């Protein structure tokens with residue numbers, strides 16, 4: 001575990017034009033002042049691996065809701081934070097669309113521009129170099145190079161969603177720092193993975209005008225399989241992981257070994273074993289507060305009117321229980337993720353795509369080009385690239 005030591009070497013501008021041959025990138029720090037109504041939980045911060053395992057067993061217990069049991073109320077959390085981000089634009093100059101990329105649990109912003117195998121797994125390469133889009137990938141609040149915080153009552157979904165909204169407002173008002181400053185974007189699209197999809201969903205639900213399009217990868221509306229993720233991850237205290245212990249405090253949890261990461265993110269026969277090793281060595285933890293609030297953030301009907309694409313691997317574990325096509329014999333439902341359409345009654349274009357044979361960690365698998373091209377063609381078809 002530990003920070004992405006080989007993370008991107010600079011990110012710069014943004015926009016969508018036609019095709020480009022290379023990209024310019026610049027690492028930037030985005031200051032935000034945010035507040036959110038966070039949950040207050042009557043639970044001790046787990047100090048060791050036994051505490052962590054006990055917590056996972058309580059959360060995964062069937063026919064119970066441990067989060068609700070320990071929730072004592074709500075409190076407003078406010079603060080000034082610094083977010084680490086990477087801003088990329090085509091070498092030939094900016095276009096008109098910015099993609100804001102939000103990673104999920106277990107990764108940082110490098111998930112979108114994976115340096116493994118000479119960047120052959122890079123989504124940013126496809127979006128920027130092939131389709132001329134600008135991208136802004138960021139480390140979620142509390143993770144990697146973004147500012148960290150107290151892991152139970154502070155670093156929760158709600159505060160992170162507030163951070164995503166703040167970043168989006170800065171982009172819309174041309175106030176992002178660095179090379180992005182003063183840049184106008186005709187369209188802003190939110191692309192998320194897993195927990196990042198949940199946050200993108202929440203942004204569009206709360207403030208539909210902030211986004212022009214949603215790409216929700218590794219996502220469905222079915223939360224019944226989260227215990228698979230909680231137990232399959234073999235979570236341990238980050239303080240027991242030598243590479244990360246100096247960077248995080250107790251209350252941050254990490255995958256216990258590569259097999260745990262494989263269980264949650266990599267489908268059988270769908271990946272290069274070296275990519276699993278890379279993902280584990282460069283992975284990032286999750287906070288207790290995030291696990292407590294991950295499901296609640298995605299609730300409610302979403303009145304977002306723009307185009308929505310849900311794209312999930314066929315063998316996704318946390319959102320499909322390992323088989324996204326197993327719909328319980330419901331002839332009207334093509335897949336588990338297809339049910340997300342019910343949450344978007346106002347969307348002018350909704351589409352679901354199941355990536356054959358893929359798992360939850362789409363960007364790390366052999367099928368990544370299928371994923372990237374389907375996303376890009378969806379954006380092109382809806383005037384967003």
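The values are calculated or read from the model by the stated rules, or taken from the named source; none is laboratory data. Treat the numbers as computed from the prediction; the structure is a model and nothing was measured. Counting neighbours? That spans all protein chains shown, and the Cβs are built from the backbone with ideal geometry, glycine included.
I'm trying to understand the selection: among the residues of region 340-385, which are touching a residue at least 60 places away in the same chain (Cβ under 8 Å), touching a strand residue (DSSP E or B) at 6+ places or on another chain (Cβ under 7 Å) and more than 28 Å from residue 206 (Cβ to Cβ)?
Residues satisfying the conditions are 358, 359, 367.
Suppose we keep only residues that are assigned to a helix (DSSP H, G or I) and farther than 19 Å from residue 62 by Cβ within region 219-239. Which one would you say is nearest to the chain's Cα centre (by Cα)?
238
Quick check on region 129-156: of everything there that is outside any loop (DSSP other than H, G, I, E, B) and in contact with a strand residue (DSSP E or B) (Cβ under 9 Å, 6 or more places away or on another chain), which residue is nearest to residue 76 (Cα to Cα)?
Looking at the filtered set, the residue picked out is 138.
Under 23 Å from the mean Cα position of the chain (by Cα) and modelled with pLDDT of 95 or more: which single residue out of 53, 86 fits that description?
Residue meeting the stated conditions: 86.
Out of curiosity, is residue 75 loosely packed, with under 15 Cβ neighbours inside 10 Å and assigned to a helix (DSSP H, G or I)?
Here the answer is no, as residue 75 does not meet what is asked.
Out of region 343-360, which residues are assigned to a loop (DSSP other than H, G, I, E, B), surrounded by 15 or more Cβ atoms within 10 Å (Cβ to Cβ) and over 18 Å from the mean Cα position of the chain (by Cα)?
If the condition is that a residue be assigned to a loop (DSSP other than H, G, I, E, B), surrounded by 15 or more Cβ atoms within 10 Å (Cβ to Cβ) and over 18 Å from the mean Cα position of the chain (by Cα), then 344, 347, 357 are the ones that fit.
Would you mention how many residues in region 272-295 are out of contact with any strand residue (DSSP E or B) (no Cβ under 8 Å at 6 or more places or on another chain) and either outside any loop (DSSP other than H, G, I, E, B) or modelled with pLDDT under 95 (or both)?
Qualifying residue count for the region: 10.
I'm checking my understanding of the structure. Among residues of region 50-64 that are touching a helix residue (DSSP H, G or I) at 6+ places or on another chain (Cβ under 9 Å) and part of a loop (DSSP other than H, G, I, E, B), which one is surrounded by the fewest Cβ atoms within 10 Å (Cβ to Cβ)?
Per the criteria, the residue is 62.
Look through 330, 382, 363 and report the one residue that is over 19 Å from the mean Cα position of the chain (by Cα) and either on the phi > 0 side of the Ramachandran plot or buried (at least 19 other Cβ atoms within 10 Å of the Cβ) (or both).
Of 330, 382, 363, the one residue that is over 19 Å from the mean Cα position of the chain (by Cα) and either on the phi > 0 side of the Ramachandran plot or buried (at least 19 other Cβ atoms within 10 Å of the Cβ) (or both) is 382.
Residue by residue through region 258-271, note down the ones that are touching a residue at least 24 places away in the same chain (Cβ under 8 Å), assigned to a helix (DSSP H, G or I) and under 20 Å from the mean Cα position of the chain (by Cα).
260, 261, 263, 264, 265
Taking the options 317, 340, name whichever one is closer than 24 Å to residue 99 by Cα and surrounded by 15 or more Cβ atoms within 10 Å (Cβ to Cβ).
340
What do you reckon, is residue 198 outside any helix (DSSP H, G or I) and touching a residue at least 12 places away in the same chain (Cβ under 8 Å)?
no
Would you pick out the residues in region 91-109 that are more than 14 Å from residue 166 (Cβ to Cβ), crowded, with 24+ Cβ neighbours inside 10 Å and modelled with pLDDT of 95 or more?
97, 98, 99, 101, 103, 104, 105, 106, 107, 109
Tell me, which residue of region 34-49 that is in a loop (DSSP other than H, G, I, E, B) and touching a strand residue (DSSP E or B) at 6+ places or on another chain (Cβ under 7 Å) is surrounded by the most Cβ atoms within 10 Å (Cβ to Cβ)?
46
For region 326-339, name all the residues that are in contact with a strand residue (DSSP E or B) (Cβ under 8 Å, 6 or more places away or on another chain) and outside any loop (DSSP other than H, G, I, E, B).
337, 338, listed by residue number.
Yes/no matrix, rows are residues, columns are (1) modelled with pLDDT of 95 or more; (2) surrounded by fewer than 24 Cβ atoms within 10 Å (Cβ to Cβ); (3) within 15 Å of the chain's Cα centre (by Cα):
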site	(1), (2), (3)
142	yes, no, yes
154	yes, yes, no
165	yes, yes, yes
170	yes, yes, no
181	yes, yes, no
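Given the conditions (1) assigned to a loop (DSSP other than H, G, I, E, B); (2) under 21 Å from residue 335 (Cβ atoms); (3) in contact with a helix residue (DSSP H, G or I) (Cβ under 6 Å, 6 or more places away or on another chain), report the number of the one that residue 216 does not fulfil.
(1)
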